Structures are given as C-alpha cells and as structure tokens.
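Structure first, then comments.
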C-alpha cells in the first residue's frame, strides 16, 4: 500500500499506489492542507481540500489553539487522538514541540483515564489485539494488521497491571499507544515502524465483565500453560512478521512480568519497562541526589515501599549498581530492604511468589538489624536507618509526617521518592515532604508536580519518568542491532540520565532533567549506550544515533 524510504539527509519519501480518499484517510500519508498543488493533482485529492496550501507549522499552531479552548485534560486527550486519527505527522509534531504541556496528556497521568474509559470512548483502533481466538493463525492475523509496514519496535501489554489501577482488559492498549507516542515524538522512531499490541486474554476485573460496553474478551483471564503457549505463538509471529523488532513488555503483573522477562531473554531483543525501566530511572534520581548530599552511592541504604514489579526492578537495579561500586552481592542485597503489603519481605519459607525470593532478606540479615518478616515501615526506618526511601506501593498518603521525621533521624539530606502514579496514588505530595523536612529532603516523584515554595526559595520537583529511559533503550537497540538487552544496559542508561542533569537543574532541586529537554536527553542516553555496546567514540555513536532519528516533518511523495 505504501512504504517510506529514508534519504541521506534524514528526510523521508513515500511511495504509494493509493489515490484520492484512500490517501486522505490514511493518517501516515495525509498532510491535510499541506499537500502541494502538484501532490494534490497526482494523488487525486485536489477536490477534497480547500485551495490554500499551508505548512505543518501552521497546522500545529491551529491545533494548539483548539486545545487551548479545552480545560479538562481528558478532553484534550480525545482531541489529540482525533488529530492522530487524521494525521500522524502533525500529531507527533505538536507533541514534540509541546512536551511539557502535552506529555501528561498523552501519557502519565491522563492516560489512566483513557484506559479506564477505553470502551465507552472508543473511536478508532490504534495498534492490534492478539486474542485466544487467533490461536493457530496469529502470524496471519498480525501480517494482515500491519499491512506490509516494516515494524521495528513493539510495545506489548497483557493489560493486567496498569498504572496502579490494575487489570483493565483490552483498554490497556491506551498505555502501549502512549509509550509509542513518546518513542516517536521523543526518540525519533518513525510511526510507521512502531506498533502497540494488546495481548487480550480476558480480564478478572468484574466491573469490566459486567459492563455491556466492554470491547475486550468477556471471560476470566487465561492462566498457566494456556497463557504461555499463546504468548509463545505471539512472539514467534512477531519474529516472523517483524524480524529483529525490539519488544517492550508493558504492565504485566509482578510474577508474570518476571517470568516473561526471563522466558524470552536471548530469544528476542526485549525488556520490561515496569521492572527495568523503573529500576533505572529510580537509580538515576539517587545518583543525582548523591551528588547533592555528598553521600556516595556505595554508602547509601535503601528502603523500597512496594514489592510489585516496580519495587522488584528498583531493588534489582540498585543492587546491580552497588556491586559495580565494589560491594559483594550479599553486601548489596543487605543494603536494600523491600516491603510489601505484609511488611518487610524476608525469605522465611512462607513466600508464595518466586520473584520475591530474589529481593527478600534472609532471616539472618533481618535479625542482624533487629527485624523480622512483616516488620512495618516505621520499624524498618528506625532500625535499618535508610538514607533513601522509594515508594512504589500505590498507597496514597503512606509517607506521612512521622515517616519523614524517621528519615531525618537517619541522615541530614534524606532522599524520598514517591514514585507511584498517577498523582492520586502517590505515597505523598512533594510539597508536604519538603514542608515536613524543612526543605532538607531531596524529592523526586513519579508524576508531574509544580514547584514548591519553601523558605523563600522555589524547589523544582523532578519527575522520575520512565520516558527518559525506555525510548533511548529502544533507539539504541535498533541502532546496534543487539539480540539481548540486559541489566547492564539499564545501569548504563541510569548513569547517562544522571549525567544529563545540568548543574543549574540540580541546584533548583531537580533530580531529573527537565521534561522540555526530553529529545535532547534521549539522544544523549542512546549515544552513551551505542558507544558502550559498539565500542566506538561518543562522536561516532552520536552520529549513528542522530542519523537514525526520524523528525516529524512531512515526507515527499516519490
């Protein structure tokens, strides 16, 4: 139907045999009023458009004016989705040029509403759904869905553990599409080469099953061997239809997430953003905080409040980084205390989930600190005396004043990072953390927050957004052609994000780069990864990265 060809100068041309309304209705081809007179005649869209020829810049300004008339973030999301339905290039141009204002609309936190309301607000499909009904012919269904496009990057979710709001069934595709938007607008992945996939195997969400509007598989979730055999077929189909594509696992529930990550490691270039991406972005914030406090990473002690996939990922990434600083595996593990809903995780023979054994303390380690399985947060803070507290629990308000006071008893400048999102699930509001600590706490968050005025100064709140990690991982994986993305990739990405924080940003209170710098930072992180993997200089790596990046400008028609 159509294909994009990259020219030496980085611009694209497109070849297509579509004509007339077929061109106008294809979002990847449609330029709206920016079609030139020659293109209008050649493609048969001359009579379908008003006569004036405009530019993508003109169209972007008009789109922003329309968005400015809307107050509700979700209404803005729906308006942007309509732009995407009509014109992919324009959508990504508007997003890239206005990341500070629009990333919270297309991604965290507004995308949570898009997931919840998916079935009732559905207009047009973005991405593909793989279901048990396709068993035995997934490759055929996938090939028909991508219609000859060269897919190089896939975000695949099984929809079970969405943004702290749980099992959302087929609506989880909205999360995958939000990630794709950041890949395209932030890291320069061509939208024709990226695909969101919902692995819809049912839902255990009773509200969805009882909802007459629900559009997904109306059945309880597939589990066990049936689940993994279907996923095996899906991965094999992806390898057949999109050979070499990088695969990002998204929003799988903790034990499934860990199993899937290890099951396909080495078989397909893949990573889990909730585990590895979250671990890397949390580590990056700690690295910046260490520079501010003067406490080296190897001397930090960590408490992670939340034992799901995110807590697992952070614990594992921190331990990896501590070992790189010279600690033994046992020493590193003893520096990280993880709590779940039952309290301190200790491998006392009663753990029911395999992945928790990898982050649990031994009874001896806990006993050395006067603790035991199930110890509550304040007890752990008092006896373990951590310097860093990270929240991934989705339990709003769990970092109260008494928690902050306990942290202040341990260290002069405690690092406190309520990472759960969206905002209404955060363990604390950064303004409260700064007020209760008298401005001493070094604070990062998982969702965007405004600056906090305290003691006559304005403290900026850095958002520990995985958007600084996953697009760079995907871009670097495509540039290097790697077959495996391991934890060392994520550690290197964390250091690169930390190095991207300017001194001015750090002095303002930021533990992360400003969101407005996202494309620049992603290029920097991808460059560091390419240089490391390929063993080339930073200059050569940057050249390879920038040559691979797509820019949201209209292609010429060949």
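Before moving on, here are some points about what is shown:
- Conditions (1) over 24 Å from residue 106 (Cα atoms); (2) part of a strand (DSSP E or B): number failed by residue 498: (2)
- Counted residues, the range 531-558 - those being in a loop (DSSP other than H, G, I, E, B) and closer than 30 Å to residue 41 by Cβ: 7
- Among the residues examined, residue 535 does not qualify as outside the structural domain of residue 285 (by TED's automatic domain parsing), on the phi > 0 side of the Ramachandran plot, touching a residue at least 24 places away in the same chain (Cβ under 8 Å) and surrounded by fewer than 24 Cβ atoms within 10 Å (Cβ to Cβ).
- One residue alone among 370, 439, 374 is at pLDDT 95 or above, outside any strand (DSSP E or B), in the same structural domain as residue 330 (by TED's automatic domain parsing) and out of contact with any strand residue (DSSP E or B) (no Cβ under 6 Å at 6 or more places or on another chain), and that residue is 370.
- Residue within the range 121-135 that is in contact with a helix residue (DSSP H, G or I) (Cβ under 8 Å, 6 or more places away or on another chain), outside the structural domain of residue 391 (by TED's automatic domain parsing), assigned to a helix (DSSP H, G or I) and touching a residue at least 40 places away in the same chain (Cβ under 8 Å) present: yes
- Qualifying position, being closer than 17 Å to residue 333 by Cα, modelled with pLDDT of 95 or more and surrounded by fewer than 19 Cβ atoms within 10 Å (Cβ to Cβ), among 263, 298, 291: 298
- Given (1) at negative phi; (2) modelled with pLDDT under 95, index of the condition residue 147 fails: (1)
- Evaluation of residue 477 against (1) within 25 Å of residue 104 (Cβ to Cβ); (2) outside any loop (DSSP other than H, G, I, E, B); (3) in contact with a strand residue (DSSP E or B) (Cβ under 9 Å, 6 or more places away or on another chain) (one fails), failing number: (1)
- Of the residues 181, 176, 185, the single one that is touching a strand residue (DSSP E or B) at 6+ places or on another chain (Cβ under 6 Å) and assigned to a helix (DSSP H, G or I) is 176.
- Within the range 10-28, considering residues that are in contact with a strand residue (DSSP E or B) (Cβ under 9 Å, 6 or more places away or on another chain) and in a loop (DSSP other than H, G, I, E, B), the one modelled with the lowest pLDDT: 11
- Residue in the range 56-67 that is within 30 Å of residue 230 (Cβ to Cβ) and under 25 Å from the mean Cα position of the chain (by Cα) present: no
- For residue 346: the one exception among (1) farther than 22 Å from residue 286 by Cα; (2) surrounded by fewer than 23 Cβ atoms within 10 Å (Cβ to Cβ): (2)
- Among residues of the range 220-230, those that are without any contact (Cβ under 8 Å) to a residue 40 or more places away in the chain and surrounded by 14 or more Cβ atoms within 10 Å (Cβ to Cβ), counted: 2
- The single condition among (1) within 20 Å of the chain's Cα centre (by Cα); (2) surrounded by fewer than 20 Cβ atoms within 10 Å (Cβ to Cβ); (3) under 23 Å from residue 234 (Cβ atoms) that residue 118 does not satisfy is (2).
- Considering the range 349-362, the residues that are surrounded by 10 or more Cβ atoms within 10 Å (Cβ to Cβ) and free of Cβ contacts under 8 Å to residues at least 12 places away in the same chain include one that is farthest from residue 319 (Cα to Cα), namely 351.
The values are calculated or read from the model by the stated rules, or taken from the named source; none is laboratory data. Because the structure is predicted, anything quoted here is derived from the model rather than measured. Note: ideal-geometry Cβ built from the backbone for every residue, glycine included; neighbour counts use all protein chains shown.
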